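Reviewing the structure listed below.
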Amino acid sequence: MMIHNDARPVTSRGGLDRLVAELDRADDEDKGLPPMVRLPRHGTVVLFSDFLSPLEEIQTLIGQFSAVPVRGYLMQILDPAETALPYTGRIRFRGMEHDGDALIPRVESVRDAYTERLKAQQSDLASICATAGFGFGIHRTDHPPEMALLTLYTALAAR
Amino acid sequence: MIFVSPWVLAGLLALPLLWWLIRVTPPAPTSEIFPAVRFLLGLNATEETPARTPWWLLLLRLIAAGLVIVALARPVLDAGNALVGKGPVLLVMDNGWASAGDWVRRKEAAGTLLDRAERAGRKAALLATASDGGGAPLAISVTMPIADLRARLAALQPQAWPPDRAAAASVLRSWKDATDASVIYVPDGLTDGPDFDRFATAMRDIGPVTEVCCDAASSPLLLPPTSEADRLVVHLAQVPRAEATQAAVLAQSGDGRTLARTDITVPAGASTASAPIALPPEVRNRLTRLVLDGPPSAGSVVLLDERWRRRPVGMLSGDLTTADTPFTGSVYFLKRALEPFTELRAGDTATLLKRDISVLVLADRPLPDGAERDALEAWVRKGGLLIRFAGPRTAEATTNDTDTLLPVRLLAGDRQLGGALSWSQPAGLAPFPPQSPFAGLPVTDEIKVNRQVLAEPSAELAGRTWAALQDGTPLVTEAPEGAGRVVLFHVTANADWSNLPLSGLFVEMLRRLVQLSVGVANTQSTAVLAPAETLDGFGLLTQPPPAAIGLQADKFGATPVSPRHPPGLYGPESGRQVLNLGTSMAAPEPAPAIAGATLETIRGSARERALGPPLLALAVVLLCVDMLVSLALRGLLKARVSATAAVLMLLMVSAAHALDTSPNPATDTRLGYILSGDTQVDGIAKAGLEGLSDYVNHRTAATLFEPDPVRPGETDLSFYPLLYWPIIADAPALTGAQAAALNDYMSRGGIVLIDTRESGSGAGFAPGTEEALRQIAHSLIVPPLAPLTGEHVLSRAFYLLSDFPGRFTGDTVWVQRDQDRTNDSVSPVIIGGNDWAAAWAIGPDGNNPYAVIPGGQHQRTLAYRFGVNLVMYALTGNYKGDQVHVPAILQRLGQ
């Protein structure tokens, strides 16, 4: 079941199709993070996102989930361009979700600083998840998804 | 090459700065969508990306910038030195007769010097030293900007008279704008009078003088020729030169043809030269001018008038055996007197009168009744001048009183010294009466007359007397006879009766008489002759200038040429006199160079060329190239876009339609037109069917190929669904084979569209075609016909039509009346006269060459739609006649 509308959990075959159809639908009020919805206790929630939002929001959300209590797993999906920043030259980066623009005169020179920031974000996420008892995984979109899913399955089955 | 504003070149120092700027300026940023922008915000970039401009693009930009700077500095090619001085420039141009030879080059040289003055920002004034024909005195023009002065310089023309140095000098001295001025002087190389030094001094006093040195263009002057017995001697005067020069003189007649030519060689250092032109007298009498071969000017033309014509004079004597005896013969003195200036002919009367003779002199030859006298009388009546001298025989013959060819009646006998009617001493001549042609000739006391014949006193004797003795007795009498004249000298032609023939007066009197022979006006009269045609500066005869006034006839030899008396022809038609430039002009003297003047040469001064505008244009071209290259480098000049643009351009150029052709009519659908034999009509049919096929291809699912010409009986008609048949007026009747082929075609489902091309609004365009159609239709099996209306399926086969126009409109179109189910209810023949092919035709440029009548694009569209309906009708039969379409059609019509 998808978090976004309050649909009931289904176990039929049609459920998968409905799931995919839901994924295709783009929501205008997308804030980047899944909203907090009422979940049954001792459920399992898996959050897929790039988790680039400010850490406070993520912490609040995870805290809310873990207060229910709900077990969970966070999977961060990143683009290889986001991890490695392979650009050169003078580039204006435009944000997708009303974050603004950044004009970087020479991208090679900020590459290291950016990578530092990204690693800091990821380590903070890992610590938040560890505190809340959630699992944390990182998936790069140019890697095959089987590895990440296997890790996820293993983590979910272990609980 | 110089630069007008050289300080602008300091901008070239900025070019390295430009280079540095281009390298330092970052390029425009590319745009990327990045979700993790939040992490990039706030990062300080330590470096800046340099522009990755290729070195050759940088070089291009630097060159363009450099060209712009150089162009702004206004470079000038072939510039001369700057003129000295700062104030206005006075341009003094000699525009007399001597400057006409290379007038254009003088103006160019002056223009070049004015260019230099213009660059220095100075103003200018103009002084032309020969006054124009308007009569206004010489004046310096107003000081004006050089652009305006150029217009005045362009309008300046050389004159036919020499410059007036004295007037120019006084005008120069009184010039008001002379502060800080400088002078440009374009001389003609001659002093033109004694005032040249004053003129030069006046110029020097104004300011520094730049003299344009003429490139050894000494202008020769042709002087009036002298006429000798059998030839004309031409004279040339010019400034003495260091080497011998050659000149050619052409003698031309009134219609401009050159009748003779002679070459004159002027030795080195000589100022005059002569050469003879030998001409027969008839040819000589036709000459009107002598022209010096070379650049035209007034000084190279000498006009000729009567004074240079030779009039043949015939002489007859009474006593032919002794006529030529020296000193005593009657003709001897006449010969001596007349020979230098006329051509003398001797012979008997008949021979003399056969050739062209103006004057006939009879020395003591009485004329009794007879053929001779009649012949002479006829000749005199036609305009000849008969001069008779008295003598013993004439005195005797007067007793018979049969000689009527005398100006006066003579008394019998003669008067002689010591005779009955005699004087006591020989009589002298009285001054000539004013109306006689001898008026003005000096009479000396030495002339004495001993013996003469006397005239009978009568009332008109005084009027007929041209010379008389001191006591009033007439010595020379005359009388007009028809168009000619008879003159009688009452003495002998030799020294027997008087010593007149021994004197110089005799020669003059005879000369005057000979000149009188063709009505030449008395050159010694004081009548004022008005100018009839005058020479302009280039030696062409034109209207006299306004300032020209008449000249007294006796002053022609002594008047210098001036604006008031320009060289040319004066007087009435019958008595033209000529005033030539060289008649009373002193020998040309070379003018010295002005002391202290800078010398420029005419030949070496090429026009300056400003290089600024071409350099700017080149810089603009380079910047355009740079823009294209930059676009290409940034990837904006995408291959797809440029390919589309190129293809669009090509499409616009080429013709719009491209019907496919295939050699085999069986494999592809195509229309056909029956050849009528008239190439124009066939061409229209072909173009029309091509246009229709194109139209059908674009708008329907049918694909038609190129239409074919078809000959029924020879070509197999079965491949063509529709045949177009234009009828011409002289179409031959169908042969059996042709008719059979067409009938066969129509019976098996073919459709023939017959077009008489003359109907409705097009009546008269193709007369006779209806008759031709009637003859043709005899052999065709045509079913009963009915007019095509809106109910017929043809009117809704593709478009819904109510009218079926072609090029013309208004007439009915005929189709088969009855439905024939074996033929799928399709009419085998459609007959009309609306000239559809011309309405459908498209020319090679894509336009419709034939206008529709009465006109309008709507009519043409309807014509095309009818064509499409025809094609659909031919291809689908009566498909649209099916009832299943009726609701849709009704709905369509209802809309």
Practice problem: Select from region A:59-104 the residues that are out of contact with any Pro (no Cβ under 9 Å at 6 or more places or on another chain) and small (Gly, Ala, Ser) and write down the one among them that is nearest to the other protein chains (Cβ to nearest Cβ). | Solution: A:ALA102
Quiz item: If a residue has to be among the acidic types (Asp, Glu) and under 20 Å from B:PRO545 (Cβ atoms) to count, how many in region B:136-169 make the cut?
Solution: 1
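So, in region B:803-825, exactly how many residues are more than 18 Å from B:VAL852 (Cα to Cα) and open to solvent by 60 Å² or more (accessible area, probe 1.4 Å)? Let's see the steps before the verdict.
Restricting attention to region B:803-825, the residues satisfying the condition of being more than 18 Å from B:VAL852 (Cα to Cα) are B:814-825.
Next cut, open to solvent by 60 Å² or more (accessible area, probe 1.4 Å) only: B:814, B:817-819, B:821-822, B:824.
Number satisfying all stated conditions: 7.
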Quiz item: Among the strands (runs of 3 or more DSSP E) confined wholly to region B:281-323, which include 1 or more residues that are free of Cβ contacts under 8 Å to residues at least 60 places away in the same chain?
Solution: B:287-292, B:312-317
Exercise. Looking at (1) within 11 Å of another protein chain (Cβ to nearest Cβ); (2) at pLDDT below 85; (3) open to solvent by 60 Å² or more (accessible area, probe 1.4 Å), find the lone condition where A:ASP27 falls short.
Key: (1)
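Return the only residue of A:LEU103, A:LEU125, A:LEU74 being in a helix (DSSP H, G or I) and on the phi < 0 side of the Ramachandran plot. Even if it seems obvious, please write down each step before you answer.
On the way: A:LEU103 fails: in a helix (DSSP H, G or I); A:LEU74 fails: in a helix (DSSP H, G or I).
Being in a helix (DSSP H, G or I) and on the phi < 0 side of the Ramachandran plot holds for just one of A:LEU103, A:LEU125, A:LEU74, which is A:LEU125.
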Quiz item: Considering B:GLY189, B:GLY193, which residue is at positive phi and in contact with a strand residue (DSSP E or B) (Cβ under 9 Å, 6 or more places away or on another chain)?
Solution: B:GLY189
Quiz item: Given the conditions (1) modelled with pLDDT of 85 or more; (2) over 15 Å from the mean Cα position of the chain (by Cα); (3) of a type outside the set (Val, Ile, Thr), and given that A:HIS98 satisfies all but one, which numbered condition is not satisfied?
Solution: (1)
Quiz item: Which pairs have Cβ atoms under 7 Å, sit 6 or more apart or on different chains, and link a residue in region A:42-53 that is within 14 Å of chain B (Cβ to nearest Cβ) to one that is open to solvent by 10 Å² or more (accessible area, probe 1.4 Å) and part of a loop (DSSP other than H, G, I, E, B)?
Solution: A:SER49/A:LEU33; A:ASP50/B:PRO35; A:LEU52/B:PRO35; A:SER53/A:GLY32; A:SER53/A:LEU33
Practice problem: Check B:THR179 against each of (1) in a helix (DSSP H, G or I); (2) within 19 Å of B:LYS86 (Cβ to Cβ); (3) open to solvent by 50 Å² or more (accessible area, probe 1.4 Å) and name the one condition it does not meet. | Solution: (1)
Quiz prompt | Residues within region B:796-828 that are in contact with a helix residue (DSSP H, G or I) (Cβ under 6 Å, 6 or more places away or on another chain) and in contact (Cβ under 8 Å) with a residue 60 or more places away in the chain, tallied | solution = 9
Quiz item: Out of region A:113-129, which residues are within 10 Å of another protein chain (Cβ to nearest Cβ) and either exposed (fewer than 14 other Cβ atoms within 10 Å of the Cβ) or touching a His at 6+ places or on another chain (Cβ under 7 Å) (or both)?
Solution: A:GLU116, A:ALA120
Exercise. Consider B:GLY749 carefully, then state whether it is assigned to a loop (DSSP other than H, G, I, E, B) and farther than 21 Å from B:GLY683 by Cα.
Key: yes
Self-check item: Tabulated pairs, region A:107-125, first hydroxyl-bearing (Ser, Thr, Tyr), second open to solvent by 40 Å² or more (accessible area, probe 1.4 Å), C-beta under 7 angstrom, 6+ apart or interchain
Solution: A:SER109/B:THR46; A:SER109/B:GLU47
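Taking the conditions exactly as written (outside any helix (DSSP H, G or I), more than 14 Å from chain A (Cβ to nearest Cβ) and at pLDDT 80 or above), does B:LEU90 satisfy them or not? Step through it out loud before you land on a result.
Numbers: outside any helix (DSSP H, G or I): yes; more than 14 Å from chain A (Cβ to nearest Cβ): yes; at pLDDT 80 or above: yes.
When the stated conditions are applied, B:LEU90 passes them.
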Quiz item: open to solvent by 70 Å² or more (accessible area, probe 1.4 Å) and touching a His at 6+ places or on another chain (Cβ under 8 Å), is that true of B:THR272?
Solution: yes
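Report whether or not A:GLU56 is over 20 Å from the mean Cα position of the chain (by Cα), assigned to a helix (DSSP H, G or I) and either in contact (Cβ under 8 Å) with a residue 60 or more places away in the chain or more than 7 Å from chain B (Cβ to nearest Cβ) (or both). Outline the logic, then answer.
On the way: over 20 Å from the mean Cα position of the chain (by Cα): no; assigned to a helix (DSSP H, G or I): yes; either in contact (Cβ under 8 Å) with a residue 60 or more places away in the chain or more than 7 Å from chain B (Cβ to nearest Cβ) (or both): yes.
No: the conditions fail for A:GLU56.
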Self-check item: Among residues of region B:264-280, those that are farther than 20 Å from B:GLY294 by Cα and within 37 Å of the chain's Cα centre (by Cα), counted
Solution: 3
Quiz item: Which one of B:ARG860, B:ARG892, B:ARG865 is surrounded by 11 or more Cβ atoms within 10 Å (Cβ to Cβ) and modelled with pLDDT under 85?
Solution: B:ARG892
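Does B:ILE69 meet the test of being open to solvent by 80 Å² or more (accessible area, probe 1.4 Å) and either at pLDDT 80 or above or of a type in the set (Gly, Ala, Ser) (or both)? Steps first, answer last, please.
On the way: open to solvent by 80 Å² or more (accessible area, probe 1.4 Å): no; either at pLDDT 80 or above or of a type in the set (Gly, Ala, Ser) (or both): yes.
No, not satisfied.
Report yes if B:ARG757 is out of contact with any Lys or Arg (no Cβ under 7 Å at 6 or more places or on another chain) and outside any helix (DSSP H, G or I), otherwise no.
Details: out of contact with any Lys or Arg (no Cβ under 7 Å at 6 or more places or on another chain): yes; outside any helix (DSSP H, G or I): yes.
In short, yes.
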Quiz item: Of these, A:PHE65, A:PHE93, which one is at pLDDT 75 or above, in contact with a Gly (Cβ under 6 Å, 6 or more places away or on another chain) and open to solvent by less than 70 Å² (accessible area, probe 1.4 Å)?
Solution: A:PHE65
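Restricting attention to region B:210-218, does a residue exist that is surrounded by fewer than 16 Cβ atoms within 10 Å (Cβ to Cβ) and not hydroxyl-bearing (Ser, Thr, Tyr)?
Filtering region B:210-218 for residues surrounded by fewer than 16 Cβ atoms within 10 Å (Cβ to Cβ) gives B:215-216.
Those still in the list that are not hydroxyl-bearing (Ser, Thr, Tyr) too: B:215-216.
Yes - at least one qualifying residue is present in region B:210-218.
Please pick out the residue among B:PRO887, B:PRO844 that is outside any helix (DSSP H, G or I) and of a type outside the set (Lys, Arg). Break it down stepwise before answering.
Details: B:PRO887 fails: outside any helix (DSSP H, G or I).
Exactly one of B:PRO887, B:PRO844 is outside any helix (DSSP H, G or I) and of a type outside the set (Lys, Arg), namely B:PRO844.
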Exercise. State whether the residues of region B:664-675 include one that is at pLDDT 85 or above and part of a helix (DSSP H, G or I).
Key: no
Exercise. Read through the list (1) open to solvent by less than 50 Å² (accessible area, probe 1.4 Å); (2) part of a strand (DSSP E or B), then give the number of the only condition that B:ARG261 fails.
Key: (1)
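Taking the conditions exactly as written (modelled with pLDDT under 80 and of a type outside the set (Lys, Arg)), does B:SER562 satisfy them or not? Don't jump to the end; show me each part of the working.
On the way: modelled with pLDDT under 80: no; of a type outside the set (Lys, Arg): yes.
No.
Just name the residue that is farthest from B:VAL514 (Cα to Cα) out of those in region B:420-436 that are buried (at least 17 other Cβ atoms within 10 Å of the Cβ) and modelled with pLDDT of 85 or more.
Step one: list which residues in region B:420-436 are buried (at least 17 other Cβ atoms within 10 Å of the Cβ), which gives B:423, B:427, B:429, B:432, B:436.
From the residues that got through so far, the ones that are modelled with pLDDT of 85 or more too are B:429, B:432, B:436.
Values: B:LEU429: 21, B:PHE432: 18, B:SER436: 14 Å.
It comes out as B:LEU429.
The values are calculated or read from the model by the stated rules, or taken from the named source; none is laboratory data. Worth saying up front: this structure is predicted, and the values here are computed from it rather than measured. A quick note on method: Cβ atoms are made from the backbone with ideal geometry, for glycine too, and the neighbour counts reach across all protein chains shown. Please note that ligands, DNA and RNA were not included when accessible areas were found on the heavy atoms of the full protein model with its side chains. Shrake-Rupley method; radii C 1.70, N 1.55, O 1.52, S 1.80 Å.
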